[in-house]
Amino acid sequence: MRVPFFDLSRQYVAIKSEIDAAIASCFEQSVFIGGESVEKFEHEFADFVGVPHAVSCANGTDALEMALIAAEIKPGDEVIVPACTWTSTAEAVHNVGATIVFADVDPKRYTMDVTDLRRKITPKTKAILPVHLYGLMADMPAIMTLAKEKSLIVIEDCAQAHGASINGKPAGSWGHLGCFSFYPTKNLGAYGDAGAIVTKDDTLATTVREIANHGQRSKNEHVRIGRNSRLDSIQAAVLCVKLKHLENWTKRRIEIAQEYTSALKNIVQTPEVPDPYRHVFHLYVIQSEQAESIRRKLDERSVGIAEHYPNPLPFLPAYSFLQHYENNFPIAAHQKGKLISLPVFPELTNDEVRYVIDSIKK
Ligand SMILES: *Cc1c(COP(=O)(O)O)cnc(C)c1O
């Protein structure tokens, strides 16, 4: 048997008629930027997150950058991000001219460690940018309490957490702003780049919308210098179709994860799911001292695996100017080389899941 780490073509086969019809309708209307499908997706996605506003944009990295600009984060301001995340989170902070401050992560949850976060707050700290990594939300109750106490802005990086929640309250509805990516391989993915910013705040929503559309408030009324970061109508149409299936897909991800966890929890460190949390398993990541030999075995048995992410951000050449060493982030450093991402996507078959489990047991 050969088990792919990910196979998006299986999803297309399952929803082909809906997708083809949605795309054909865009061509018939010949509206390619903005229009009905973009407005429809924004409304439906805002409802999904449970907030009044969703502003679509070109990708998740732009969403983060524009959220920081709307929050008036400027050079000299410090923004705290977790040491373990995809590079966009820190990139966005640097690209608005602010200072990146890394916090170490929790050894079991992989999300930002709130004790270290508290330690990293200085008088220059302006915002916290927690990441809901792998599909598990950061400790938002604690982060929001701390943010309130210190008057800080909270921007959630929800790129891996569509549909995740704590106590039923969805990712993106906790902070001042929430940023989503619809990169094709995310839990909700377009057929190209796409992103969105969600917020409860009317003013922030208006500002983000202006930034994304050349600073225009209405046609030719440029009230600020903005940029071009728009969602294509075709991508919005695709996302409307896929959003209807997301809940079922998420349930299947959770089912696969439960299967893995019950079979593997005594062999490797399996993902922790704290009680009121809904983990949506964008990735299913195990940790083991024997990662090297597990990887070799899985490779031998043609099981596709990945590593997210081989090197925590503070130790990457891109961030070397911050002069961080492994002892500054002991938890992140300790995980290096020990993480393995197993195949987890809704179309994975039960036979494939069992084959992955057998291979690890071997
Ligand atoms: C994918 C991702 C992003 C960026 O999304 P793009 O749409 O690829 O720009 C940001 N943060 C995290 C944690 C991600 O996984």
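With each label point set 7 Å from Cα along the Cα-Cβ vector, what nm distance links Thr206 and Glu300?
6.5 nm
Between the alpha-carbon centers of segment 152-190 and segment 93-143, tell me the distance in whole angstrom.
If you average the Cα positions of each part, the centres end up 15 Å apart.
Compare the peptides 301-307, 53-59, 238-244 by average per-residue count of other Cβ atoms within 10 angstrom and give them in order, highest first.
On the way: 301-307: 16.4, 53-59: 24.4, 238-244: 20.3.
For the peptides 301-307, 53-59, 238-244, the packing ranking is 53-59, 238-244, 301-307.
Please identify the GluC sites (Glu not before Pro) of segment 192-300 that satisfy two criteria: DSSP loop assignment and at most 12 other Cβ atoms within 10 Å. Which are they?
Numbers: sites: Glu210, Glu221, Glu247, Glu255, Glu259, Glu272, Glu289, Glu292, Glu300; in loops: Glu272, Glu289.
Those satisfying the criteria are Glu289.
Students often check this: by mean Cβ neighbours within 10 Å, which of 123-130, 66-73 ranks highest, and how do the rest follow? Intermediate values should be presented prior to the final figure.
Working: 123-130: 21.1, 66-73: 24.0.
Ranked from most to least packed, the peptides come out as 66-73, 123-130.
Given Cα pairs under 8 Å that are at least 6 residues apart, what percent is the relative contact order of segment 34-111? List each step's numbers first, then the result.
Details: 78 pairs, mean separation 19.8, N = 78.
Computed over segment 34-111, the figure is 25 percent.
What residues have an amide H closer than 5 Å to that of Ile33, excluding those fewer than 5 places away on the same chain, when H is modeled at 1.01 Å from N in the peptide plane?
Under 5 Å from the amide H of Ile33 lie the amide H atoms of Ser233, each far enough along the sequence or on another chain.
With every protein chain left in place, what is the accessible area per residue of the chain in square angstrom, probe 1.4 Å?
Details: 15660 Å² over 362 residues.
Spelled out: the 1.4 Å probe surface of the chain, per residue, equals 43 Å².
Counting only Cα, what are the radius of gyration and maximum Cα-Cα distance Dmax of the chain, in Å?
20.4, 65
Suppose we look only past 15 Å in the calculated P(r) of segment 161-248. What percent of the Cα-Cα pairs does that tail hold? Please report the intermediate quantities before stating the final value.
Values: 2487 of 3828 pairs.
Pairs farther apart than 15 Å: 65 percent.
So how far apart, in nm, are the two label points at Glu272 and Phe321 if each is 7 Å from Cα heading toward Cβ?
With each label placed 7 Å out from Cα toward Cβ, I get 3.5 nm.
Could you work out Rg/(2.2 N^0.38 Å) for segment 1-121, with Rg from alpha carbons only? Spell out each step's value before the answer.
Numbers: Rg = 19.7 Å, N = 121, 2.2 N^0.38 = 13.6 Å.
The reported ratio for this selection is 1.45.
Considering the convex hull of the alpha carbon atoms of segment 1-54, report its projected area averaged over all viewing directions, in nm², one decimal.
Projected over every direction and averaged, the Cα hull of segment 1-54 covers 5.8 nm².
Roll a 1.4 angstrom probe over the protein heavy atoms and tell me the percent of accessible area of segment 120-248 that is carbon or sulfur.
Values: 2470 of 4910 Å².
Carbon with sulfur: 50 percent of the solvent-accessible area.
Would you mind working out the magnitude of the charge dipole of the chain relative to its Cα centre, with +1 at each Lys and Arg C-beta and -1 at each Asp and Glu C-beta, to the nearest 20 Debye?
Details: 39 positive and 44 negative charges, 107 e Å.
Using only the charged Cβ atoms, the result is roughly 520 debye.
Under a 5 Å amide H to amide H cut-off, with H placed in plane at 1.01 Å, what residues pair with Ile153 once short-range neighbours are removed?
Those lying under 5 Å, H to H, from Ile153 are Ala127, Ile128.
Could you sort the peptides 18-29, 343-354 by per-residue average Cβ neighbour count (10 Å cutoff), highest mean leading?
Numbers: 18-29: 14.2, 343-354: 17.4.
Packing proxy ranking, top to bottom: 343-354, 18-29.
How big is D, in µm² s⁻¹, for segment 214-362 by Stokes-Einstein at 4 °C and 1.567 mPa s if Rh is the Kirkwood radius over C-alpha pairs? Display every interim value, and only then the final one.
Details: Rh = 18.8 Å.
Once the numbers are plugged in, D ends up at 69 µm²/s.
With respect to the cross-link table entries Lys186/Lys242; Lys16/Lys251; Lys297/Lys338; Lys297/Lys362, which display a Cα-Cα separation exceeding 18 Å?
Working: Lys186/Lys242 12 Å; Lys16/Lys251 21 Å; Lys297/Lys338 15 Å; Lys297/Lys362 8 Å.
From Lys186/Lys242; Lys16/Lys251; Lys297/Lys338; Lys297/Lys362, over 18 Å: Lys16/Lys251.
May I ask which residue of Pro343, Phe41, Phe6 lies farthest towards the positive end of the charge dipole of the chain, with charges of +1 (Lys, Arg) and -1 (Asp, Glu) on Cβ and the Cα centre as origin?
Farthest towards the positive end: Pro343.
How about segment 267-362: which chymotrypsin sites (Phe, Trp or Tyr not before Pro) there lie in a loop by DSSP and see at most 10 other Cβ atoms within 10 Å?
Numbers: sites: Tyr277, Phe281, Tyr284, Phe315, Tyr319, Phe321, Tyr325, Tyr355; in loops: Phe281, Tyr325.
In loop regions of segment 267-362 (DSSP not H, G, I, E or B), the sparsely surrounded chymotrypsin sites (Phe, Trp or Tyr not before Pro) are Tyr325.
Between Val55, Thr85, Ser30, whose Cα lies farthest towards the positive end of the dipole of the chain when Lys and Arg beta carbons carry +1 and Asp and Glu beta carbons carry -1, centred on the Cα centre?
Thr85
Return the carbon/sulfur percentage of the accessible area of segment 62-116, one whole number, probe 1.4 Å, all protein chains in place.
On the way: 830 of 1650 Å².
Of the solvent-accessible surface of segment 62-116, carbon and sulfur hold 50 percent.
Using Stokes-Einstein with the Kirkwood hydrodynamic radius over Cα pairs, what translational diffusion coefficient do you get for segment 50-197 at 37 °C and a viscosity of 0.692 mPa s, in µm²/s rounded to a whole number?
Details: Rh = 14.9 Å.
For these conditions, the coefficient is 220 µm²/s.
If you plug each phi of segment 10-16 into the Karplus form 6.51 cos²θ - 1.76 cosθ + 1.60 with θ = phi - 60°, what whole-Hz ³J(HN,Hα) values come out, in order, with x for Gly and Pro?
So the J values, rounded to whole Hz, are 5, 5, 4, 4, 5, 10, 3.
The values are calculated or read from the model by the stated rules, or taken from the named source; none is laboratory data. Keep in mind it's a predicted model, so treat the numbers as computed, not measured. Using ideal geometry, Cβ is built from the backbone for each residue, glycine included, and neighbour counts are taken over all protein chains shown. Areas reflect the complete protein model, heavy atoms only, side chains present, ligands, DNA and RNA absent. Shrake-Rupley method; radii C 1.70, N 1.55, O 1.52, S 1.80 Å.
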